[in-house]
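What follows is calculated from the coordinates using simple rules that are stated; it is not laboratory data. A quick note: this is a predicted structure, and the numbers were derived from the prediction, not measured. As a convention, Cβ positions derive from the backbone with ideal geometry for all residues, glycine included, and neighbour counts pool all protein chains shown.
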Amino acid sequence: MPLAILALAMSAFGIGTTEFVMMGLLPNVADDLGTSVPTAGYLVSAYALGVVLGAPLLTALGSRVPRKRMLLLLMALFTLGNAASAVAPGYSTLLVGRFLAGLPHGAFFGVGAVVAARMVSEDRRARAVAAMFLGLTIANIVGVPAATALGQSLGWRATFLVVSVIGLIALGSLALLIPRLPTDEHVGVAQEFRALREPQVLLGLLTAVFGFAGIFAVYSYLASMMTEVTGFADSSVTWLLALFGVGMTLGTLAAGPLTDRALRPTLYFSLGALAVVLFGFHYAAESKVAAPIAVVVLGAVGFLTTTPIQMLVMNKARQAPTLASASNHSAFNLANAGGAWLGGVAISVGWGWTSPALVGAVLAAAGLGIAVTAGVLDRRSPHAASPVVTGSGPQLQKAEGDGELTVADTV
């Protein structure tokens with residue numbers, strides 16, 4: 001795997017750390033800024049809103065910018081947003097800083113996924129994309145717990161200063177290791193948006209929204225489930241969340257080679273397994289032995305879905321995959337917000353702390369239904385083997401592991 005992938009993974013590590021660390025620092029931020037924890041919770045929403053808006057907007061604006069320069073600009077904006085958060089004098093300015101830090105998130109992963117795929121042979125593209133995502137998952141094992149502990153001991157501002165330093169290191173790594181990759185010939189904003197309207201791309205994004213909403217319906221309330229139902233002490237929450245990160249990493253490691261071998265079967269299996277695991281989580285949460293195991297398995301099957309969905313939307317966007325790739329991360333953040341909301345509704349109506357797991361199982365099953373429907377329609381489509389002209393030219397390859405042949409971009 002090229003060293004350039006390491007630079008992308010390091011950048012993903014910083015992004016993953018700042019995305020999830022705020023959840024553990026909300027009480028500290030609320031106390032320091034003189035606001036309530038629910039109000040401080042809007043800082044999480046501000047970041048997610050930045051991701052949702054920034055992914056299509058920045059990708060479209062940078063459609064003709066060379067890939068390497070675009071990655072550097074996005075990482076610079078990420079670093080600036082975290083630095084602004086560190087020195088924010090009040091709640092309103094911190095809200096703006098979090099929004100700025102979230103703006104480049106989706107665009108960076110969208111461009112980064114395309115760049116990673118272009119630096120390896122056709123049969124290793126999914127592994128390259130999964131390797132970049134490893135930085136995001138490892139952040140949940142190491143970065144988030146360490147940054148949370150740092151913020152609790154030295155103050156939340158120290159956390160964002162450290163993330164800013166990580167951003168600067170990532171900038172240097174990107175500048176040194178990423179080769180110069182010009183933008184695709186004749187690909188502009190209009191072509192990117194036309195690719196985004198492809199029915200298979202839209203179905204892929206919808207699969208991401210429902211499938212990932214199932215994960216976040218549980219993850220958003222995991223700490224409360226483990227303390228209120230399982231009976232773990234508050235001090236155990238950090239290592240339980242780290243276990244979820246371990247599962248995420250295992251799932252991402254497995255997703256790369258499996259997706260390269262058979263994309264749609266991997267997607268079907270992961271979503272089906274996710275629905276089953278979420279249903280079982282409702283009961284496993286009552287046991288101190290079963291619950292930690294279930295946390296790892298949930299992280300693994302959940303993040304086994306990320307790479308096949310990412311590759312699916314990139315493949316189906318054909319000549320202009322970057323905007324679709326970035327929009328996938330908008331879909332993930334919509335899933336984050338929607339899953340958390342639906343899980344909260346289930347708890348608030350009195351269904352119990354573990355009811356979000358059942359809600360999540362239904363959402364994952366819906367995601368599986370959408371994915372299967374998309375697969376059936378794709379097989380029936382007369383355009384399933386249309387040529388793609390971009391990068392280094394068209395090449396015949398197997399379609400998403402389902403035995404069909406199609407022409408895909410060699411990127």
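Write out the trypsin sites (Lys or Arg not before Pro) in segment 1-107 meeting two conditions: DSSP loop, and at most 16 other Cβ atoms within 10 Å of their Cβ. Mind dumping the intermediate values first?
Numbers: sites: ARG64, ARG67, LYS68, ARG69, ARG98; in loops: ARG64.
Loop-located and lightly packed - ARG64.
Please give the per residue volume of the convex hull enclosing the alpha carbon atoms of segment 43-202, rounded to a whole number of Å³. The partial results should precede the final answer.
Numbers: hull volume 20.1 nm³, N = 160.
Measuring per residue, one finds 126 Å³ for the Cα hull of segment 43-202.
Shape call for segment 1-59 from the C-alpha gyration tensor, a ≥ b ≥ c root eigenvalues: rounded (a/c under 1.5), prolate (a/b greater than b/c) or oblate? Before the final figure, lay out the partial values.
Working: a/c = 4.73, a/b = 1.84, b/c = 2.57.
Taking the square roots of the gyration eigenvalues as a ≥ b ≥ c, segment 1-59 is oblate.
How big is the charge dipole of segment 1-160 about its Cα centre, in debye rounded to the nearest 20, if each Lys and Arg gets +1 on its Cβ and each Asp and Glu gets -1 on its Cβ? It would help to have the intermediate numbers written out before the result.
Numbers: 10 positive and 5 negative charges, 131 e Å.
Dipole size: approximately 620 debye.
Could you tell me the ratio Rg/Rh of the chain? Both radii from Cα atoms, Rh via Kirkwood.
On the way: Rg = 20.3 Å, Rh = 21.1 Å.
Rg/Rh for the chain comes to 0.96.
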**Q.** Calculated P(r) tail over 15 Å for segment 51-135, as whole % of Cα pairs
**A.** 61 percent
Q. Roughly what would the spin-label model give for ALA242 and MET23, points 7 Å off Cα along C-beta, in nm?
A. 1.7 nm
Q. Size of the dipole of segment 95-175 about the Cα centre, Lys and Arg at +1 and Asp and Glu at -1 on the beta carbon, nothing else charged, in debye to 20?
A. 40 debye
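Helix check for the chain. Which DSSP H runs span at least 18 Å along their own axis by Cα, with a mean Kyte-Doolittle hydropathy no less than -0.5? Spell out each step's value before the answer.
On the way: long enough: 3-33 (43 Å, 1.34); 42-61 (27 Å, 1.80); 67-86 (29 Å, 0.92); 91-118 (41 Å, 1.10); 125-138 (20 Å, 1.29); 156-177 (32 Å, 2.00); 199-219 (30 Å, 1.80); 237-261 (37 Å, 1.06); 263-284 (31 Å, 1.23); 290-303 (20 Å, 2.34); 321-348 (40 Å, 0.49); 355-380 (38 Å, 1.23).
What comes out of the filter, once short or polar helices are dropped, is 3-33, 42-61, 67-86, 91-118, 125-138, 156-177, 199-219, 237-261, 263-284, 290-303, 321-348, 355-380.
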Q: List the longest stretch of the chain that has no exposed loop site; here a site is one of the GluC sites (Glu not before Pro) assigned by DSSP to anything other than H, G, I, E or B, with at most 14 other Cβ within 10 Å.
A: 1-184
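As a check on your grasp of the helix formula, calculate [θ] at 222 nm for the chain: sum -39500 (n - 2.57) over DSSP H runs of n ≥ 4, divide by the residue count, round to the nearest 500. Walk me through the numbers before you get to the answer.
Details: 17 runs with 309 residues, N = 411.
Result for the chain: -25500 deg cm²/dmol, rounded to the nearest 500.
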Q.
Let me check against my output: what whole-number percent is the relative contact order of segment 306-377, with C-alpha pairs under 8 Å and at least 6 apart?
A. 16 percent
Q: Please tell me the relative contact order of the chain in percent, rounded to the nearest whole number, where contacts are Cα pairs under 8 Å and at least six residues apart.
A: 23 percent
Q: Assign unit charges at the C-beta atoms only (+1 for Lys and Arg, -1 for Asp and Glu), then state the dipole size of the chain relative to its Cα centre in Debye, rounded to the nearest 20.
A: 780 debye
Q. Label points 7 Å out from Cα along the Cβ direction at ALA76 and SER381: separation in nm?
A. 3.7 nm
Q: Work out the charge dipole of the chain with +1 on the Cβ of Lys and Arg and -1 on the Cβ of Asp and Glu about the Cα centre, then indicate which of VAL114, THR373, ALA149 is farthest towards its positive end.
A: VAL114
